[in-house]
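The values are calculated or read from the model by the stated rules, or taken from the named source; none is laboratory data. Just so we're clear, the structure is a prediction, and the values are computed from it rather than from any experiment. For the accessible areas, the whole protein counts, side chains as well, though only heavy atoms, and no ligand, DNA or RNA atoms are used. Shrake-Rupley method; radii C 1.70, N 1.55, O 1.52, S 1.80 Å.
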Amino acid sequence: DEADWRRVIDEAEAWSGPLSILVNNAGIVGFGGIETETPTMFRHVVDVNLYGAWLGMHLAVPRMRAAGGGVVVNVSSTAGLIGYAGLGGYVAAKWGMRGLTKAAALELGRADIRVCSVHPGPIRTPMTAEMDESVVEDQPLARFGEPEEVAAMVRFLITEATFSTGSEFVLD
C-alpha cells in the first residue's frame, strides 16, 4: 500500500535520519498448481512479493539519492532460481524479483545505490510451519535455515559487500 510505504519511510527517517538502507523482506506463499491456484491468490502473492518490493524501491530511492546513496536488499527465494511445482504465483514473483533487482542495480549504480538479492531456501518461519522435513531432503544442507542466517547475509551485503550490485546470493 503506497500510503503505508510513505508512512514507514517517513517514520524511519524521523527515527534514524536520512534513508540509506531498504530491505524488501515481505513475503507470502500461495500453495496451488497452475490449475488450482485461484486468480485472486495468484494476484495477491505477486502483489505482496513483487509489486510491494517495487513500490518500496520506487518510494525509497528518491530519499536514498538525497542521502547520497544507499543499499537495497531484495529477499527473493531459491524458487526464483530453480522454480517449484505447485507454487506458480510465488515462483513468478520471486523470478520477477531477480529481474527487478538487476534493472534497479543498472539504473541506480551511478547514484551510489547498490541493489542485490538474497535467495534463501526453506527457512524456519511461520510461512514454512506446515512444511515437513521432506522439503529439505534434497538440499545440499538438508535442513531448514534459520532467520538469523538470512539476517547475517543481509547484514553482510549492507556492510561488507561494498563493490557488489545486481548480484544474487543463495542461502541453501
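When the helices in the chain are scored as -39500 (n - 2.57) per DSSP H run of 4 or longer and the sum is shared across all residues, what 222 nm value do you end up with, to the nearest 500 deg cm²/dmol? Mind dumping the intermediate values first?
On the way: 6 runs with 77 residues, N = 172.
After summing the helix terms and dividing by the residues of the chain, the value is -14000 deg cm²/dmol.
Scan the chain and note any complete DSSP helix (H) whose C-alpha atoms cover at least 24 Å along its axis and whose Kyte-Doolittle average is -0.5 or more.
88-108
Going by accessible area, probe 1.4 Å, with all protein chains left in place, what is the ranking of Thr40, Thr165, Thr128, largest first?
Thr40, Thr165, Thr128
What figure in square angstrom, to the nearest 10, would you give for the accessible area of Glu11 with a 1.4 Å probe?
100 Å²
Would you list Glu35, Glu137, Glu13 from the most to the least accessible area, probe 1.4 Å?
So the residues, ranked largest to smallest area, are Glu35, Glu137, Glu13.
Determine ³J(HN,Hα), in whole Hz, for all residues of segment 161-168 in sequence, where each value follows from phi through the Karplus function 6.51 cos²θ - 1.76 cosθ + 1.60 and θ = phi - 60°; x replaces Gly and Pro.
8, 6, 10, 10, 8, x, 8, 10
One quarter of the convex hull surface, Cα atoms only: what value does that give for the chain in nm²?
10.2 nm²
What residues qualify as long-range amide H neighbours of Ile21, i.e. H under 5 Å apart, gap of 5 or more or another chain, H built at 1.01 Å from N?
Hits under the 5 Å cutoff: Val71.
Please report Rg over Rh for segment 30-84, where both radii come from the alpha carbon positions and Rh follows the Kirkwood definition.
1.13
Kindly report, to the nearest 10 Å², the accessible surface of His58 as traced by a 1.4 Å probe over protein heavy atoms only.
That residue has around 100 Å² of solvent-accessible surface.
Quick one: ranking Asp1, Asp172 by accessible area, 1.4 Å probe, largest first, what do you get?
Working: Asp1 115, Asp172 70 Å².
Order by accessible area, largest first: Asp1, Asp172.
For a distance above 17 Å, tell me the whole-number percent of Cα pairs in segment 73-145 that qualify. Intermediate values should be presented prior to the final figure.
Values: 1339 of 2628 pairs.
Across segment 73-145, Cα pairs with separations above 17 Å total 51 percent.
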